[in-house]
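The values are calculated or read from the model by the stated rules, or taken from the named source; none is laboratory data. It should be emphasised that the depicted structure is a prediction, and the values quoted were computed from it without experimental measurement. Cβ placement follows ideal geometry from the backbone for every residue including glycine, while neighbour counts extend to all protein chains displayed. Areas reflect the complete protein model, heavy atoms only, side chains present, ligands, DNA and RNA absent. Shrake-Rupley method; radii C 1.70, N 1.55, O 1.52, S 1.80 Å.
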Amino acid sequence: MSHLIASLNDLDPLSKVLTGFDLFRHSALFINKRNNHSKLICNHRPSMTSTSTMLSLASASLTASLSVHENLKGRLKLGGGSLSFKKEKANPFINTKSFSRISMVAAIKVSRFEGVTMAPPDPILGVSEAFKADNDEKKLNLGVGAYRTEELQPYVLNVVKKAENLMVERGENKEYLPIEGLAAFNKVTAELLFGASNPVIKEQRVATVQGLSGTGSLRLAAALIERYFPGAKVLISSPTWGNHKNIFNDARVPWSEYRYYDPKTVGLDFDGMIADIKAAPEGSFVLLHGCAHNPTGIDPTPEQWEKIADVIQEKNHIPFFDVAYQGFASGSLDADAGSVRLFAARGMELLVAQSYSKNLGLYAERIGAINVVCTSADAATRVKSQLKRLARPMYSNPPIHGAKIVANVVGDPTLFNEWKAEMEMMAGRIKNVRQKLYDSLTAKDKSGKDWSFILEQIGMFSFTGLNKVQSDNMTNKWHVYMTKDGRISLAGLSLAKCEYLADAIIDSFHNVS
Amino acid sequence: MRQQFTSLEAHGFESPTTQSAFSSSISSSSATDRRLKALARHLVDASPVMDSHSQNPNDTVSPSPTSSAFHADSVFAHIVRAPEDPILGVTVAYNKDPSPVKLNLGVGAYRTEEGKPLVLNVVRQAEQQLVNDRSRVKEYLPIVGLAEYNKLSAKLILGADSPAIQENRVTTVQCLSGTGSLRVGGEFLARHYHQLTIYIPLPTWGNHPKVFTLAGLSVKTYRYYDPATRGLDFQGLLEDLGSAPSGAIVLLHACAHNPTGVDPTIQQWEQIRQLMRSKALLPFFDSAYQGFASGSLDADAQPVRMFVADGGECLVAQSYAKNMGLYGERVGALSIVCKSADVASRVESQLKLVIRPMYSSPPIHGASIVATILKDRNLYTEWTIELKAMADRIISMRQQLFDALRARGTPGDWSHIIKQIGMFTFTGLNSEQVAFMTRQYHVYMTSDGRISMAGLSSRTVPHLADAIHAAVTSFA
C-alpha cells in the first residue's frame, strides 16, 4: 500500500482526489465513518490535505490487511487507471479468523501516519529557508517582511532593549496572565490604535484581548465569526497576505475576494472593490488593511476610505481591519490609524487585529491584540468573555514577555517618544530606499516604462508587477529572493543594493515572459 | 462534538454548520436572520457552557434582563456573557475577596512557603544571560520553533539515549505550553488520523474536552478515578480501553494525574501498554509535571519511555509551566514518535500547516530560557536541585495536612492525601462542602474538590484543616 501511495503522489490533484475516493469506496476493509467534519467534501486547501486524509483512511485499513498489500503489489495498474479492488482476487485473509491477529502484527509494523504526505513549504516563510541555503554572495532576501538596517542586519529597537533591561532589573514574576492577556498591555494597545481620548475608549466600548501577534488575533476573530455569525462570509482583497485564507479556512469561515489590485494601472481597482463589496450578502465581514496593504503597498485615499465606509454601512457589513504596520507606513502612528478611526468615528462596530511584530520589531515575541468595537460597554464585556472562551482551548493564556515590553514602551512617555523617533527612522529608511530604487530603475530602463508606482506604494512592500515566472528568474538568475506574487520587501533592501536590484527587475520584466 | 449552539436543530432551525461551510446556500439567509436565530438559541436553550465537570449553578448562562443585550443596533446583541473559566475563575474570585485569611488553592501554580510565586534561580540566570547577549535578535522563529529547544525537549522526555531520537523518528515542535501542544496535536490527528475519537480519563483537567473538541475530535471517557477508594479504578480502565474501537486515541497523564493525583503503578502501566498495543490504540501523553511528581525527571518520564521502547508510535505534549516555573511564558512542545524518519519528516511538514494559520510561529523568550538551562551542565544540575526542592515541599505539605486532619479527628480516611502524587489532591469533598469552605473559611478551590498543594504552607495548613473538618462535619 505504501507503494500505492507513493505512486499516487505523482498524479495530478484531481486524479489524486478521485483515485483516493475509489480506494475509499471500494476498500472492503474500511471500518470507520467520518462525521460531517470530514475534509473529503469541503476544503479550500490544495487537495494534498484531503488526499492525505483519504490516503490515511485507506492506509488505516492497511493495518488490518498487510497481506492485501503483499498480494496487490505489482498487480495493480497505476497512473490514472481505476484502482478498484474489485478487479483483484478477493483477499483470502479478510474473512478469516486470523484477521485480527494479522491486524495486531501489522499494527506494529506499519506507521499510522504512513499516508501523510509531505506538505509544501510556506510560500512566504519558505523563501527565507531557501535564501539561507543559497551560497552566492550576491544573494538578497526580499522575502519576509522583517526590517533590516542599511547593513542588512536585523534590528532590535533601543526602546525594546531598555524595556527588557528594566524588566530583568525589576525581577518580575512569570505567573499566568489572565486569558485575555496583560491588562496594562490591553489598555495601551487600544489607546494607541484609537487615541486615548477617543469616545470608543472613554465609553469602554472596545473589547481588547491580547493575541499571538497579527495571526493569532485574526484567528481569534475568525473563531468568533464562525461561532456567532455562522455562514457569514469574510471578504478579502485580491491579492492579500497569503496566510489570510489559511486562517479563515482552518477556522471554517467561508471567504470570497473583492477586486483590489489593478495590474493595468498598478494601482487600486476602486470601482471593482466597491462593486464587489456591494454585491456581497448583507452582513458580511470586510477584511481591510488599515495601512500599508500587504502585498501591494497600495492604500485607498482618505476620500476613498469614506466611500468604502459608505458602502459597508449601506450593506450592514462589518469592517474587519488588519493593522500590522501602524507607524510603519507613513512614519506617524496617528496618521496610520486614520482609516480605523474614520470608521469608528461613524459609530460603526468593527474588528481590528493589531501586531507589534514590525513597528516594535517584536517579531518572535508574538504580541498583538484583537479589538472589537461595539455600540455599548455591555456588548464589549460580553464579546470579550466569548473571545476568552475561544482562547482557552487554543493556548489557555498568552505569553507575557512581549506584552510587558509593549506595556513598558507604549505606557511610558519617555520611552514612547523615543519609540516614535525610532519608528520615523525605520519608515524613513524605507522611503529613501524606494526613492533610490525608483531612480535606479528610471535611469537604467530605456523602455520608457513608468516605475513611479514604486514611489506611490507605501509601507514595507512593493508589488513589482512581476509574475511567477519572472519572480523565479529573479531568484534563479539573480539570487534575489521574493514571493512568487511579485512582492518585494523593501525593508530587506539597502541603498547599496538598489542598482543591482534594478538590473534584476529590468531583466526579469523585459526578457522573461 | 456538538456545542450548545447547534442544539438549534432540536428547535426546528437547521444549523448551517451541518452543511458544508462553503455551500452557497448559506448566503441566501440574511445577516439579520442568522443573528436572530443565534439569539433564539441563547434564549431557548440557555444551558451551561460545555463543561462536563462543572456543577456550579453560577455557570448557567442567560442574558441579564437589565443588560442592553437587546440593543437593536449592535451586531453583537445575540452574544451572551460567558461565565468565568472554572479553574482560572477561582483566582478571579479569590482576588476579589478582602478576607485576610483567604487561601488560594485553585490554579496549579507553585507557591513558596511564604505563599509567594517563585521564579527559579536558574531562570533568572538564564534570562540575565539572554539580555546581556548583544548578538541576540528577535527575528521570527521557524514555524516549528527554536530548533535547539526542540531537540533538548525531546531528549528530556524521551531520554538522551532514546533510539527513537537517534533514528530520527521523532518530530518535535515548539508549542504554547501544554495547552498549545495538545491543541496542535489534536488538530493534526483530526486531519490525518483515521480514528477521530479520543478517550480521556474520568475525571481529567477541565480544559481537555474543550481542547480536543475544538480540534475536531470526538471525546469519550474511560473510567479512572474510584471515589470509593480514592484511588485508581484499574479494572474499569482496562475494560473501557479494552472496548474502545481499534485505533482510537487515548489521552494518558504521564505522571501526577490532574486533578486526582492518582497514578498507575509501573506494573499497571505495563498492562496498559500491552492492552493498548494489542488494540492499536494511539497513546497521547500529557506531560505537564515531569520532575514535579517524584522529584526525579527520569522517574516521572518512565511511562512515556516504556511506550516508546516497544517501537510503537505515540504523541507527547510537554509543558515547562510548572517544572521550570515558566507559566506565563507559554513554553511547551509536541513530540510525535513515528515508525520511520521519513514519516516523521512528513508529519512535521503537516504540523506546520496547522500552526501557521493559528499563530504563525511560537514565542521565543520562554524557549530560549529553557534551551539555555538544558544545554548548560551547571544550570541543568542546579535546575534539578530546585525542582526537587519544590517537589519535596509539596510532599511535606501533604504529610502536614494529613497529620493535621488526623489530629482533629476529622471523620474519614485521609490517607489518599499522602498516597496521591503531584501538585493536586483530590480531596473527595463535594461541591456543597467546597462552597461552604469558600463562604465560611475563604478557601478557594475548584468545585470538584481539587486542591493545589503548591498553594499551601506550614502556616496555612491549620486553617485548611479546620475548614475541611468543618465542611465534613457540617455536611455528611
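Quote the relative contact order of the stretch B:261-400 in percent (integer), defining contacts as alpha-carbon pairs under 8 Å separated by 6+ residues. All intermediate terms of the calculation are to be shown ahead of the outcome.
On the way: 138 pairs, mean separation 33.3, N = 140.
This gives 24 percent for the stretch B:261-400.
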Query raised in the report: Which value, in Å² and to the nearest 10, is the accessible area of B:K102 when all protein chains are kept and the probe is 1.4 Å?
Result: 50 Å²
Report summary line: Under the Karplus relation with 6.51, -1.76 and 1.60 and θ = phi - 60°, whole-Hz ³J(HN,Hα) for the stretch B:349-363, x at Gly and Pro, equal 5, 6, 4, 4, 5, 7, 6, 3, x, 9, 7, 6, 7, x, x
Report summary line: Averaged over residues of A:161-167, the number of beta carbons from other chains lying within 10 Å of each residue's Cβ is 2
Query raised in the report: Got a sec to turn the phi values of the stretch A:211-224 into Karplus ³J(HN,Hα) couplings, 6.51 cos²θ - 1.76 cosθ + 1.60 with θ = phi - 60°, whole Hz, x for Gly and Pro?
Result: x, 7, 6, x, 4, x, 5, 4, 5, 4, 4, 4, 5, 5
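Let me know the charge dipole size of the stretch A:151-284 about its Cα centre in debye, to the nearest 20, where only the beta-carbon of Lys, Arg (+1) and Asp, Glu (-1) is charged.
Numbers: 15 positive and 16 negative charges, 33 e Å.
Dipole magnitude for the stretch A:151-284 comes out near 160 debye.
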Report summary line: Among residues of the stretch B:365-380, a drop of 40 Å² or more in 1.4 Å probe accessible area, assembly relative to the chain on its own, occurs for B:H365
Query - Greater than 18 Å apart at Cα, pairs in A:K431/A:K484; A:K245/B:K352; A:K174/B:K322; A:K449/A:K477; B:K151/B:K375 - result: A:K431/A:K484; A:K449/A:K477
**Report entry** Those residues of the stretch B:233-281 for which accessible area with every protein chain present is at least 10 Å² below the isolated value (1.4 Å probe)
**Finding:** B:R277, B:S278, B:A280
Query raised in the report: Could you give the accessible area per residue of the stretch A:377-476, probe 1.4 Å, as a whole number in Å²?
Result: 35 Å²
Query raised in the report: Quick one: with all protein chains in place, what share of the accessible area of the stretch A:141-229 is carbon or sulfur, to the nearest percent (1.4 Å probe)?
Result: 50 percent
Query raised in the report: For A:A275 and B:E114, what does the FRET efficiency come to when R0 = 60 Å and r is the distance between their Cβ atoms, rounded to the nearest 0.05?
Result: 0.35
Requested in this report: Shielding by partners for B:111-118, please: the mean number of other protein chain Cβ atoms within 10 Å of each residue's Cβ.
Outcome: 1
Query raised in the report: With labels modelled as points extended 7 Å from the Cα through the Cβ direction, what inter-label distance (nm, one decimal) is found for A:S238 paired with A:D503?
Result: 3.8 nm
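Any chance you could run the full-extension gain for A:K477 through A:Q304? It's 0.36 nm times the residue separation minus the Cα-Cα distance, nm to one decimal. Please report the intermediate quantities before stating the final value.
Numbers: separation 173, 0.36 × 173 = 62.28 nm, distance 4.01 nm.
So the extension gain works out to 58.3 nm.
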Query raised in the report: What total accessible surface area, summed over both chains, is buried at the interface between chains B and A, computed with a 1.4 Å probe and given in Å² to the nearest 100?
Result: 9600 Å²
Query raised in the report: Given a 1.4 Å probe and every protein chain left where it sits, what share in percent of the accessible area of the stretch A:306-375 is carbon and sulfur?
Result: 44 percent
Report summary line: Here the stretch B:108-118 yields Karplus 3J(HN,Hα) values (6.51, -1.76, 1.60; θ = phi - 60°; whole Hz; Gly and Pro given as x) of x, 10, 5, 10, 6, 4, 8, x, 9, x, 10
Requested in this report: Please find the FRET efficiency linking A:A196 to A:T442, where r is the Cβ-Cβ separation and R0 is fixed at 41 Å, and quote it to the nearest 0.05.
Outcome: 0.40
Report summary line: Here, A:L455 and A:V512, labelled 7 Å along Cα→Cβ, have an inter-label distance in nm of 2.7 nm
